[in-house]
Amino acid sequence: MKAIDFLKKMNKYEKLEKIGEGTYGMVFKAKNRENQSIVALKKVRLDDEEEGIPSSALREICLLKELKHINIVSDKKLILVFEYCDQDLKKYFDSCDGMIDPNIVRSFLRQLLCGLSYCHSHHVLHRDLKPQNLLINKNGELKLADFGLARAFGIPVRCYSSEVVTLWYRPPDVLFGAKIYSTSIDMWSSGCIFAEMANAGKPLFPGSDVEDELRRIFKLLGTPTESEWPEMINLPDYKHFPNYQPIANLSYVIPNLSPKGIYLLKKFLVCNPLKRISAEQALKHGYFNE
């Protein structure tokens, strides 16, 4: 794009306020001068201009060009002009005063799974699901956002980085250093978010480091045995943990979740990634018919 064309396109947007900042850049709320619509502008940070656009930004652009779904935040231009959403799920928690309506929890989870099912069916892993990366607009629509760590997957199976997913939402296999994983990585994160929504923003596994995170998981769900998860002991960073017994009734930990909701949550939070529920399977669960 020529410089004059780029400036012309950018001049159509009036910056209103900065609404976020992360590792890869800043996000601004802006107004389209032509039609008065509100959008979000993502300005990618270039630490070294000689190196060009960061690979994470290029990956996000390429993947979002392939993903067109109501529950995935959409980009309008190559310069990363996004539809505007009023808040993220974390800010929504802060506004709920300690209680979220169970029907809203059900609605948000359904939308999260719809977006994930679409991503996974198009061979895309998000790899960084957390409340801050789930946006909510004024119509109550939930959108998957921030695809900076997302990756395409397929056959042949490739090795990926284990340095993905924010610690509190990272599954045990990746915490143990797994470099080969699939859609199950997003499903564990979804389970953690599901529990957090039901508990009005209280994280389920707020670990301080990898070992503390694993200990919190095993104290709640029980330490997996070799018979339950044979591949566990061969993972790069595997270490032995005490034999914790699972809490018999998760309702004590998540009291606002119905019995069917608890049953579905357990399907997400399975330490063995091969036994974790898929997004498509979860959408068919009886919890959504309550």
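The values are calculated or read from the model by the stated rules, or taken from the named source; none is laboratory data. Note that the coordinates shown come from a computational prediction; the quantities given were computed from them, not determined experimentally. Ligands, DNA and RNA are excluded from the accessible area calculation, which covers all protein heavy atoms including side chains. Shrake-Rupley method; radii C 1.70, N 1.55, O 1.52, S 1.80 Å.
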Can you send over the solvent-accessible area of Arg216, 1.4 Å probe, protein chains only, in Å² to the nearest 10? 100 Å²
Interchain or long-range residues, amide H under 5 Å from Tyr13's placed H: Arg33
Based on the Cα gyration tensor of the range 95-186, what are the three equivalent ellipsoid semi-axes, each the root of five times an eigenvalue, rounded to whole Å and given largest first? 27, 15, 11
In what sequence, largest accessible area first, do Tyr92, Tyr169 appear using a 1.4 Å probe? Tyr92, Tyr169
Probe 1.4 Å, all chains present, heavy atoms only: Leu16 accessible area in Å², nearest 10, is 80 Å²
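Please compute the length gained on full extension between Glu66 and Lys15, using 0.36 nm multiplied by the number of residues separating them and subtracting their Cα-Cα distance. It would help to have the intermediate numbers written out before the result.
Working: separation 51, 0.36 × 51 = 18.36 nm, distance 2.74 nm.
Contour length minus the Cα-Cα distance gives 15.6 nm.
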With every protein chain in place, what's the accessible area of Asp94 (1.4 Å probe, Å², nearest 10)? 110 Å²
What ranking of Met187, Met99 comes out by heavy-atom accessible area, probe 1.4 Å, highest first? Met99, Met187
For Tyr181, residues with placed amide H under 5 Å, excluding near neighbours: Tyr160
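Using Cα pairs closer than 8 Å and at least 6 residues apart in sequence, work out the relative contact order for the range 212-290, in percent. Each step should come with its number before you reach the end.
Numbers: 52 pairs, mean separation 21.7, N = 79.
Reported relative contact order: 27 percent.
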